[in-house]
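What follows is a set of notes on a single structure, which appears directly below.
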Amino acid sequence: AATLTAAIVLLASPAQPAFTHDTLWYRSPTTEYMSGLPIGNGLIAAMVLGNPAEARIALNHTMLWRAAKNKRVNPKVAANLPAIRELFFQGRTLEAGQAANAKLGSFGDIGVDSYQPVGDLSIRLTGVEKYEGYTRSLDLSTGVVTTRFRALGADLTQQVYISRPDNLLYIRLKATAPVLTGSVALNRKRSGNVGLGIGRRPYGVSLTGKFDGEDVEFSAACTMLVDGLKPSRKQAPRGAPDVLFTSARSILMVVALTTRDPGERKHTEKVAQDESYAGLRLLAGDFNGCLARHTRAHQRLYGRVKLSLGSGQLSPSPTDERVAEMRVGRADPAMEALYFRYGRYLLMCSSHPKGLPANLQGIWNEDVKPPWDCDLHHDINLQMNYWPAEVANLSECADPLLRHVEKLAKNGVAAARDLYGCRGTYIPIVSDRWATPVKSQGGWSEWTGAAAWLAQHFWWRWEYGQDRDFLANRAYPLFKQVAAFYEDYLVADPRPDSKWRGRLVTVPSQSPENRFAGGTDPVSLAIGSTMDFQLIYDVLTHAIQSSEILGVDAEKRSQWKGILKRIPPLQVGRFGQLQEWLEDYEEVEPGHRHLSHLFGLFPGDQITPEKTPKLAAAARASIERRLSFKGGHTGWSRSWLIGLFARLGDGDAAEEHLSHLISDFATVSLLDLHPPRIFQIDGNFGGTAGVAEMLMQSHGGFIRILPALPKRWSEGSVSGLIARGAIETGIRWSAGRATGVSLKAKSAQWIRLRVPAGSRVVSGDSPRMPARNIDTGIGATDVTVWCPAGVRVTLTVR
C-alpha cells in the first residue's frame, strides 16, 4: 500500500467563530465515538472527539484490513445443483433450501477479514477541568474541525483537518497565554493477535502494529514543535509512551500513517517517521499556505453542488438541539439541506480514487472487532454508499468501487464455474479488501444477484459521464460477463401444472434478506424471486443498449432479448402489493427492513408511474404494507424509502422519511445508525441520493424538474446536480413552483425536460428554443431544448 499520512491543526483565537450553513456545531464535548466529528481524504481518516482535558483523535487508514481469511477457495460443488433444483420443482421447498445451504459451498457464518483501526492520538491538558465558552464544530466546506474554550485565564482553540494534497494530519494547538501543559501519546486497543510497539523520541511519539501470522503491518508517527522549538532527528530510548510539554503557547504536530500488505517489504515505522518529519518542515514553514492548499483541493469537490432550502436564515441553535427539535415535530428544511451536504462531504472523505470502497462505516472505525467486520455488503449497503456519487457530482469517488467490482468479477470466474457450473462471474453477498469471492455468511450466502446489482454502477458511470472508452473497455465487458452467468444459470421451469412452464427462472433464488412461511431460515430460498428478474432485466437491457451504442454483438443482443421475453413478468399479489417471489408466499416478517423487490422502482427504472402505472401502484402498496408493520426500522432502510417515494412523485412522503432519518436514525453528529445503536454510514448516502431524486430525475430519457418537491420546501435552489447524458443542472423555485432552470451539456444535444403540470418554459438563451410546451396528460409538461457543447443554457419557467 502506498504511504498515506495525515495532519491535525489545533489553533486558538479569542474571537468566537461565525458559523455558516455548512457547519455542524455544539456547545458540549463528547467522548462517544459516534458523536465525534469525522474528517478524511478517502485514504486516511480521523474521528475528532474528547473533552478539554483530553482530546481523542481516532485514526484510520483505508488499507488496514486483517488478512487471516483471504486464502480460501470455493469447493467444487456444481454437481449438486441439478438434484437441488429437482427438489424445488417437486415443491419440497424447505428440504431444497436446506440442501442448497448445505451443499452449494457455504463456509458457514465465519465472516470475512475485518477493517481495523490504527489507534488513537491523545492530547492531554492539565488544569483545564474548569472551562467556559465551549464550542466544537465541523465546517463541511473546508473539512476543518474546530474546538474553542476558555480556561486558565486564556482562550484556547483546536482545529483539526486532514490535508488532501499533503496526505497529512496537521495539528496546531495555541493559547493566548503560556498555559499549555500536558502530554501527547499514541495508543491502540489491545487484542490478542496483534503485536504493538509504543515509543517516544524527542518531540515525537510512534506506534507500530503487526497482526500475528498475517504479515500485515501498520505504523503511526507524530512529530511536534513546542513554541517553535525544532525536533531532533536523534532517536531517544523507547519506554515512555508520551511526550510532555509545559507552559507553552503553541504546539504544532504532524501525524503520518502507513501500512504494509502481505508480501511487501517496507519498514512502516521508518516511513511514517520520515513522512511526519517532512510534513512538519512543510507546516512550520508555511502553516497558512498548507491550510489554503488543502482548502482549495477540498473545495474542488465540495463546491461543485450547492443546495438551499427554506428562508436562508441561519439557525441560532447548535446541531444537536435542532435534531432534538425535529424529534418533536419541528420542520427544519435547512437541516435537511445540511444533511444532504453532509452526505456529499462523507463520501468525498471516505472514498478516494486511489483508495478502497467505503465500507459499512465509510472509512471510520474504532473497534478491533467491528460490527459485521466493517465489510463490503453487496445486497444493498455497498451500492447505497455510491448512489449519490454520479448524480451529486462526485463521480471520481466511485472509482474505488468500480475497481473493486472488476477485481471481484475477475476472481469470480472460477467461483461461478465451481459453485454453479456457469460461465461468467459470481460475486458473493459480502467481500473485504481482498475481493475473495467465497460464501462466508452461512444461510445468508445463497444469493446470485450481487454481480448484476453492482454492474448497475458501471452503467451509471456511462450514463452520467458519456465516456465511450469506459463503456467499451470496462462497462460492456462486465455486462457480458454477468449476462453469461444468467445465460447458464437460468433454467426452463419443467413443472407441467405450473403457469410458468417453459419460462426461464432462477433456482435457487433469494429475496435478500427476507423469508416466507415454510422456507429456510434465516433467509428463504425458492424458485424465482422478483428481485432476480428485475436484476436480470437491468443488466441485460444495459448490455443490449451498450452493444447497440458500440455497434457490436448483434447476435448476442438477439439472444439477450430472447431471455428477457422468457423470464416471468412482475406480478401483483393478493394485497395489491408488488409480489416478492414467483409465488405469493405468506411473509414471516411483513415489516422486513429490506425492500429488495422494489429495486425496479429505485434504484432501477423498470417501474415508473408514467410507463407502468399498475406496477407503480403495486410498489406503493408494498411500501405502505411494509410501513404498516413498522418497516423502515434501520437507517439505510428508511433512506431507501426516500428514493422510492421520490420516484413515485410523492414529495411530502419522501420528506417525511428524510425527517425521520435525521431525527430517529442519526447521532447528534448526524452519522447514520443501525439498531440498537451501531454506526453504519449507508443511510447517510441513501438520504443524500434521495434528496437529489426529489429535486431532479433523469431516467427514461427526460430530465424531470422538481418531480417530488414537498410542501415544506416551498423556496429553494440547487446547482451542480448531474443528469444522465453528462448534463449539469441548476434549478430555482419559489412558492412551490420552478422559476428557472440551467443546463450545461458535455456534448451538443437536444434535451427533453419534464416540468410540473401548470409550468411553462417561456424564454431562454438557447440558440434553438422549442416552439411549444406539450401537456403530457400525466401531470407534467414536456419541452425540448437544444444545448450546445459546454455552454450553459438558462431557461425561465412560469
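The values are calculated or read from the model by the stated rules, or taken from the named source; none is laboratory data. Computed from a predicted model, the values in this text were never measured in an experiment. When we count neighbours, we look across all protein chains shown, and the Cβ atoms used for this are built from the backbone with ideal geometry, even at glycine. Keep in mind that these areas ignore ligands, DNA and RNA; they rest on the heavy atoms of the full protein, side chains included. Shrake-Rupley method; radii C 1.70, N 1.55, O 1.52, S 1.80 Å.
The residues of the stretch 346-386 that are assigned to a helix (DSSP H, G or I), open to solvent by 10 Å² or more (accessible area, probe 1.4 Å) and hydrophobic (A, V, I, L, M, F, W, C) amount to a single one, Trp372. In the stretch 511-522, the residue that is nearest to Phe89 (Cα to Cα) out of those that are open to solvent by less than 10 Å² (accessible area, probe 1.4 Å) and under 25 Å from the mean Cα position of the chain (by Cα) is Ser511. Looking only at the stretch 94-121, which residues are open to solvent by 30 Å² or more (accessible area, probe 1.4 Å) and either hydroxyl-bearing (Ser, Thr, Tyr) or touching an Asp or Glu at 6+ places or on another chain (Cβ under 7 Å) (or both)? Asn101, Ser106, listed by residue number.
Matching residues to (1) in a helix (DSSP H, G or I); (2) over 30 Å from Thr520 (Cα atoms); (3) among the acidic types (Asp, Glu); (4) more than 32 Å from the chain's Cα centre (by Cα):
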| site | (1), (2), (3), (4) |
| --- | --- |
| Tyr537 | yes, no, no, no |
| Thr541 | yes, yes, no, no |
| Val552 | no, yes, no, yes |
| Gln559 | yes, yes, no, yes |
| Pro590 | no, no, no, no |
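I'd like to know if the stretch 135-158 contains one or more residues that are assigned to a loop (DSSP other than H, G, I, E, B), touching a strand residue (DSSP E or B) at 6+ places or on another chain (Cβ under 6 Å) and either polar (S, T, N, Q) or open to solvent by 10 Å² or more (accessible area, probe 1.4 Å) (or both). Among the residues of the stretch 135-158, not one is assigned to a loop (DSSP other than H, G, I, E, B), touching a strand residue (DSSP E or B) at 6+ places or on another chain (Cβ under 6 Å) and either polar (S, T, N, Q) or open to solvent by 10 Å² or more (accessible area, probe 1.4 Å) (or both), which makes the answer no. Inside the stretch 660-709, residues that are buried (at least 24 other Cβ atoms within 10 Å of the Cβ), in a helix (DSSP H, G or I) and polar (S, T, N, Q) make up a count of 2. Which of (1) outside any loop (DSSP other than H, G, I, E, B); (2) surrounded by fewer than 24 Cβ atoms within 10 Å (Cβ to Cβ); (3) modelled with pLDDT under 95 does Gln16 not meet, given it meets every other one? The failed condition is (1).
Tell me which residues, restricted to the stretch 611-628, are surrounded by 14 or more Cβ atoms within 10 Å (Cβ to Cβ) and over 27 Å from the mean Cα position of the chain (by Cα). Of everything in the stretch 611-628, those that are surrounded by 14 or more Cβ atoms within 10 Å (Cβ to Cβ) and over 27 Å from the mean Cα position of the chain (by Cα) turn out to be Thr612, Leu615, Ala617, Ala618, Ala621, Arg625.
Residue count for the stretch 447-489, restricted to those that are surrounded by fewer than 21 Cβ atoms within 10 Å (Cβ to Cβ), touching a residue at least 12 places away in the same chain (Cβ under 8 Å) and either touching a strand residue (DSSP E or B) at 6+ places or on another chain (Cβ under 6 Å) or not in a helix (DSSP H, G or I) (or both): 1. Residue pairs whose Cβ atoms lie under 6 Å apart, separated by 6 or more positions or on different chains, with the first residue in the stretch 177-201 and within 19 Å of Ala58 (Cα to Cα) and free of Cβ contacts under 8 Å to residues at least 40 places away in the same chain and the second among the small types (Gly, Ala, Ser) and in a strand (DSSP E or B), are Leu196/Gly209.
For the stretch 186-216, filtering for residues that are under 27 Å from Gly127 (Cβ atoms) and open to solvent by 10 Å² or more (accessible area, probe 1.4 Å) leaves 5. Contact annotation: residue pairs with Cβ atoms under 9 Å, 6 or more positions apart or on different chains, pairing a residue in the stretch 413-426 that is acidic (Asp, Glu) with a partner that is in a helix (DSSP H, G or I) and open to solvent by 20 Å² or more (accessible area, probe 1.4 Å), are Asp418/Ala78.
Confirm whether Tyr33 is in contact (Cβ under 8 Å) with a residue 12 or more places away in the chain, farther than 28 Å from Pro357 by Cα, open to solvent by less than 20 Å² (accessible area, probe 1.4 Å) and of a type outside the set (Lys, Arg). No, not satisfied. Whenever a residue of the stretch 712-732 is under 10 Å from Lys744 (Cβ atoms) and at pLDDT below 95, it has no partner that is part of a strand (DSSP E or B) and open to solvent by 10 Å² or more (accessible area, probe 1.4 Å) lying with C-beta atoms less than 8 angstrom away and at least six residues away or across chains.
Mind telling me which of the residues Val255, Val271 ends up being among the β-branched types (Val, Ile, Thr) and more than 28 Å from Leu394 (Cα to Cα)?
Only one candidate qualifies: Val271.
Each row is one residue, and each column tells you yes or no for (1) closer than 19 Å to Leu709 by Cα; (2) at pLDDT 90 or above; (3) touching a strand residue (DSSP E or B) at 6+ places or on another chain (Cβ under 9 Å).
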{"residue": "Ser742", "(1), (2), (3)": "yes, yes, yes"}
{"residue": "Arg754", "(1), (2), (3)": "yes, yes, yes"}
{"residue": "Ala757", "(1), (2), (3)": "yes, no, yes"}
{"residue": "Arg760", "(1), (2), (3)": "yes, no, yes"}
{"residue": "Gly764", "(1), (2), (3)": "no, no, yes"}
{"residue": "Thr784", "(1), (2), (3)": "no, yes, yes"}
{"residue": "Cys787", "(1), (2), (3)": "no, yes, yes"}
{"residue": "Thr794", "(1), (2), (3)": "no, yes, yes"}
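If I ask for residues that are small (Gly, Ala, Ser), over 15 Å from Gly412 (Cα atoms) and within 31 Å of the chain's Cα centre (by Cα), which ones from the stretch 474-495 would you list? The answer is Ala475, and nothing else. Restricting the search to the stretch 265-298, which residues are modelled with pLDDT under 90 and either of a type in the set (Asp, Glu) or on the phi > 0 side of the Ramachandran plot (or both)? If the condition is that a residue be modelled with pLDDT under 90 and either of a type in the set (Asp, Glu) or on the phi > 0 side of the Ramachandran plot (or both), then Asp286 is the only one that fits.
Taking the residues in the stretch 291-311 that are free of Cβ contacts under 8 Å to residues at least 60 places away in the same chain and either open to solvent by less than 40 Å² (accessible area, probe 1.4 Å) or more than 17 Å from Ala392 (Cα to Cα) (or both) as candidates, determine which candidate is nearest to the chain's Cα centre (by Cα). My answer is Arg296.
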